[in-house]
Amino acid sequence: MKWLRGVWWVLVSLLLLVAIAAGIYTMRAMPTIDGRLDIAALQQPVRIERDANGIPTIKAKNTHDLWFALGFVHAQDRLWQLETHRRIGAGRLAEAFGEAALPSDKFLRALGVRRAAAVQWAHVAPDARAALQAYTDGINAVIASQLRARPPEMVILGIHPQPWDPVDSLAWAIMMAYDLGGNWSNELLRLRLALRLPVQRINELLPPYPGEKPLPTADYAALYRALKLDGGTATARLDLTFDGALERLAAAAPPSGLEGVGSNNWVVAGSHTTTGSPLLANDPHLKLSVPALWYFARLEAPGFEMAGATMPGLPLLVLGQNAHVAWGFTNTNPDVQDLYLERLHPADPNQVQGPDGGWLPLKVFDETIKVRGRPDVTIKVRESRHGPLISDAGVTDDLLGDKKRNAFAIAMRWTALDADVDTVSAALAMNGATDVASFIEAAKRWVAPMQNMVVADRAGHIGFIAPGRVPLRKASNDLFGLVPAPGWDARYDWAGWLSADALPQERDPERGWIATANQRVVPADYPHFLTSEWTLPYRQQRIEQLLGAKPKLSLDDLRAIQADVTSLAAQKMLPWLRRAKSDHPLAAAAAKALDGFDGTMAADKAAPLMLWAWQRHLVQQVFADEMGSVYERAIASRTLLDALQLVLDTDNAWWCDDKTTPAVNETCAQQIDKALGAALDELQQAHGSDVARWQWGPVHQARSEHRPFSHVKLLARWFELRTPVGGDSYTVDATRVLFKPDPTTGELYLADHGPSLRGLYDLADAKRSRFMHSTGQSGLAWTKWYSNFVRPWAQVETVPLWSEVPAKDTLDLEPAK
């Protein structure tokens, strides 16, 4: 038995050594947040005071050192996040994550994000150039001399941080514009649908904004048939090959154009507030991640005093308040992306047909992608006069098909890739605004992504502008940017830009408030085309209801509006659900659970879960047979509930009939009943037979995804953050619901998008302003600041924007001598 005791002591000793090593590592990986550090590149001393939540107040004596210190704290607390941002913008994820990330890298190389950023760097204004360089130097100071241990993600993956470059910041700005603009993916979806359905049915499936008619487009389904994109006189295999290539292209691209990616903001004039001064609220609905997309900071320097949400990778305050104004954004979602079918020369794939019938050369770039554990991959990517050929993302050969027939590639024209984009300069000017007028004037320099910006100043003014570069399309353009257009036809080329003075804007309206929630922000008689794909107006309508519910509103009232989980969309669908009949054993209990349900998507109730399960099955039954393989791609980004509502309202027998059962003509009423039975089967299997115990929140969890460890089962529990929430895609407290199961876990109804931050700004007394984001300030999973915001965020609680409490930790940065 002595040998057993010996083995036991060896094991204990090894475990003790591992624990000691882990303890030493975790201590060394923590940033230095107290004391003094001598730092090269600083011009004057800087003080960084962190409060009990890890939010830094940076006190600098000049703007160079202010942006340097912001880069410094971003690198201290979010180095892994910076690394992923840099790799995404450069299309270098596969180098760290392996072959699974290769399709995304190919797409981003084809799109040319970092190539565009490098060109934009040459055009950046001097003030922005100085800020970007100072910020870059701050990040690199941490990497070069202050990193005692790498973040755990780098240790596990065996990679080392590389120096930041100003171009990395510009590439990340382009990626944020990509995330908020998805018209190109909708064009691709329409193209795929046009290979199966007539335009009339596509307009029913992707209906126009409520109250509007479909745009009077040409028959693009006939156009594509004429181009033989559907196989024409060739074999059916050609059609499947082309569509399969389009599916791989859509699958390779990072998600964009997602239903539920939006925001709320509203600003209330002092005539309608309890303080007599404006109040402003903002909550951007974006992808929930850990660490959060946002990093809170308070920034002080001569001429600068501001606090709010910064974004690791960028030297600016994106959302927040300075000494004079407060501001908030929502996404306008304009149509600033157009796809073009480029006809390739039959003998030279590096030429495309031009408007005069001749052939134009393409720009060609060789891109080498390093892949973890695999040989390097080299691809050729091309650019036409319209922009990058996104079909070069590894699917070109499929699109080309038989070299003897007409061959096409797909190009993207997109404002965010333009050489003269200078997002940072415009944002810095807005950061320095002293009143509503100067903020709006500065915003006119903004190019992409186009945003609905509301602003208020201490003098009592409120305002709104939707700045961005909006293309003008010719009167002869009969496709309106809805679908890929023939690249050799000049009528589809852009004809210039909407002038800054013609942008949607408003100041001090008589009604006393301005609100946006991604709805149509221009009146019916607005003379310019911005988009036909506004977000459904349910959130906007609910916000207007609540703003009008009291004659005077307080900051707490604005917080209550942000917390509202009444779904006007659910109220429209409930009458159809209540008509459903089923002989399912749980049907009576389900009906009882629906009694009194008014569309309030409460986390502790069963009714929201039943509604969404029923809707999911009904959408699939009504649309999947007609859409074929495109259905799965569509529900990855949208619910199709707007189309379903129209089908039910008109009792549209064509859609309700199941085309896979030609001998039977199913009615809409039969589909409604069948969906209820299917939903109850699903919920019984997943949650048991006691309907009273079913709850929406535990199923509809807000999941903050960790890149990449949410996709590694053994690591997800340590890095990913989850919390039960109420609401749905259409509530003011918007937590997106999709019908497609989570690709990693297979779970249904998770909330992967939501209020990424909430801001409440008081212009009478900034000390009353509040904010909150979805995770915590730190990117180190074992620290309290990694997840300390999760619970208060879920309960719509906040922390002070401006701190009056003595600093918990103080770090003095001194210029190295």
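Which aspartates and glutamates have a Cα less than 15 Å from the Cα of LYS287, not counting those fewer than 8 places away in the same chain?
ASP179, GLU259, GLU705, GLU720, ASP728, ASP733, ASP742, ASP752
Could you give the length gained on full extension between ALA502 and ALA636, defined as 0.36 nm per residue of separation minus the Cα-Cα distance, in nm?
44.7 nm
Can you tell me how the range 511-614 classifies by the Cα gyration tensor, rounded, prolate or oblate, using a/c under 1.5 as the rounded cut?
It comes out oblate by the Cα gyration axes.
Given a cut-off of 21 Å, name the pairs among LYS713/LYS784; LYS363/LYS444; LYS572/LYS605; LYS674/LYS740; LYS59/LYS767 whose C-alpha atoms lie farther apart than that in the structure shown.
Listed pairs above 21 Å: LYS713/LYS784; LYS363/LYS444.
How high is the relative contact order of the chain, in percent, with contacts defined as C-alpha pairs under 8 Å that are six or more residues apart?
Relative contact order here is 19 percent.
Under a 1.4 angstrom probe, counting protein chains only, how are VAL565, VAL664 ranked by accessible area, largest first?
Output order, biggest surface exposure first: VAL664, VAL565.
Run the dipole for the range 479-536 about the Cα centre, Lys and Arg Cβ at +1, Asp and Glu Cβ at -1, nothing else charged, and hand back the magnitude in debye, nearest 20.
Around 120 debye, computed over the range 479-536.
Would you mind computing, in nm to one decimal, how far apart the modelled labels at ALA459 and ALA653 are, each placed 7 Å from Cα along Cα→Cβ?
Taking the two extended label points, one gets 6.6 nm.
Need one number: nm distance between label points at LYS61 and THR810, each 7 Å from Cα along Cα→Cβ, rounded to one decimal.
So the two model labels end up 1.7 nm from each other.
Tell me, what is the 1.4 Å probe accessible area of LEU676, in Å² to the nearest 10?
Number for this one is 30 Å².
With every protein chain present, what accessible area does SER104 have (1.4 Å probe, heavy atoms only), rounded to the nearest 10 Å²?
Accessible surface of SER104 is approximately 30 Å².
With a 1.4 Å probe and every protein chain kept in, tell me what percent of the accessible surface of the chain is carbon plus sulfur.
55
Kindly sort GLU441, GLU720, GLU632 by accessible area of their heavy atoms, largest first, with the probe set to 1.4 Å.
So, going from the largest accessible area down, we get GLU441, GLU632, GLU720.
In whole Å, what is the distance between the alpha-carbon centres of the range 289-329 and the range 635-684?
46
If you roll a 1.4 Å probe over the heavy atoms of the protein chains, what accessible area per residue do you get for the chain, in Å²?
Result: 38 Å² per residue.
³J(HN,Hα) across the range 159-166 via Karplus (A = 6.51, B = -1.76, C = 1.60, θ = phi - 60°), whole Hz, x for Gly/Pro?
Ordered by residue, 3J(HN,Hα) equals 10, 10, x, 10, x, 6, 9, x Hz.
Taking the Cα centre of each part, how many Å lie between the range 407-464 and the range 478-534?
15
Keeping every protein chain in place, order TYR340, TYR25 by accessible area at 1.4 Å, biggest value first, i.e. largest first.
TYR25, TYR340
Taking only the alpha-carbon positions of the range 67-176 and ignoring solvent, what does the Debye formula give for the base-10 log of I(q)/I(0) at q = 0.24 Å⁻¹?
The Cα Debye sum returns log10 ratios of -1.32.
Suppose each label sits 7 Å from its Cα in the direction of the beta carbon; what would the ASP420-ASP604 distance come out to in nanometres?
Once both label points are built, they end up 5.8 nm from each other.
Non-local amide H neighbours of GLU305 (under 5 Å, H modeled in plane, Pro and chain starts lacking H): which ones?
Those qualifying (amide H under 5 Å, at least 5 residues apart or on another chain) are ALA323.
Report, in debye and to the nearest 20, how large the dipole of the chain comes out about its Cα centre when Lys and Arg carry +1 and Asp and Glu carry -1 on their Cβ.
Here the chain has a charge dipole of around 1660 debye.
So what does TRP534 come to for accessible area, using a 1.4 Å probe and Å² rounded to 10?
Accessible area, nearest 10 Å²: 20 Å².
Between beta-carbons, use under 12 Å as the cut-off and find the net charge around ALA173, counting Lys and Arg +1, Asp and Glu -1.
With Lys, Arg at +1 and Asp, Glu at -1, the neighbours total -2.
Give, in nm to one decimal, the length gained when the segment between GLN541 and GLN44 is fully stretched (0.36 nm per residue of separation minus the Cα-Cα distance).
So the extension gain works out to 173.8 nm.
Below 8 Å between Cα atoms, with a sequence gap of 6+, how large is the relative contact order for the range 666-775 in percent?
Averaging sequence separation for qualifying contacts and normalising by length gives 20 percent for the range 666-775.
Using only Cα atoms, what is the ratio of the radius of gyration of the range 240-390 to 2.2 N^0.38 Å?
Cα-based Rg divided by the globular estimate yields 1.59.
Report the full-extension gain for the segment ALA591 to LYS380: residue separation times 0.36 nm, less the Cα-Cα distance, to one decimal in nm.
70.1 nm
Find which of LEU102, ILE139, TRP80 sits farthest along the positive direction of the dipole of the range 61-178, computed with +1 on the beta-carbon of Lys and Arg, -1 on that of Asp and Glu, about the Cα centre.
So the residue we want is LEU102.
Semi-axes of the equivalent ellipsoid of the range 550-706: what are they in whole Å, largest first, if each equals the square root of 5 times a C-alpha gyration tensor eigenvalue?
29, 20, 16
Just want to confirm a number: the relative contact order over the range 512-623, from Cα pairs under 8 angstrom separated by 6+ residues, in percent.
About 21 percent, as a whole number.
Given the rule -39500 (n - 2.57) for each run of at least 4 DSSP H residues, summed and divided by the residues of the chain, what is its mean residue ellipticity at 222 nm, to the nearest 500 deg cm²/dmol?
Rounded to the nearest 500, it is -11000 deg cm²/dmol.
The values are calculated or read from the model by the stated rules, or taken from the named source; none is laboratory data. Predicted model only: the values in this text are computed from it and were never measured. Quick reminder, even Gly has a Cβ in these numbers, built from the backbone with ideal geometry, and neighbours come from all protein chains shown. Just the protein is used for accessible areas: all its heavy atoms, side chains included, with ligands, DNA and RNA removed. Shrake-Rupley method; radii C 1.70, N 1.55, O 1.52, S 1.80 Å.
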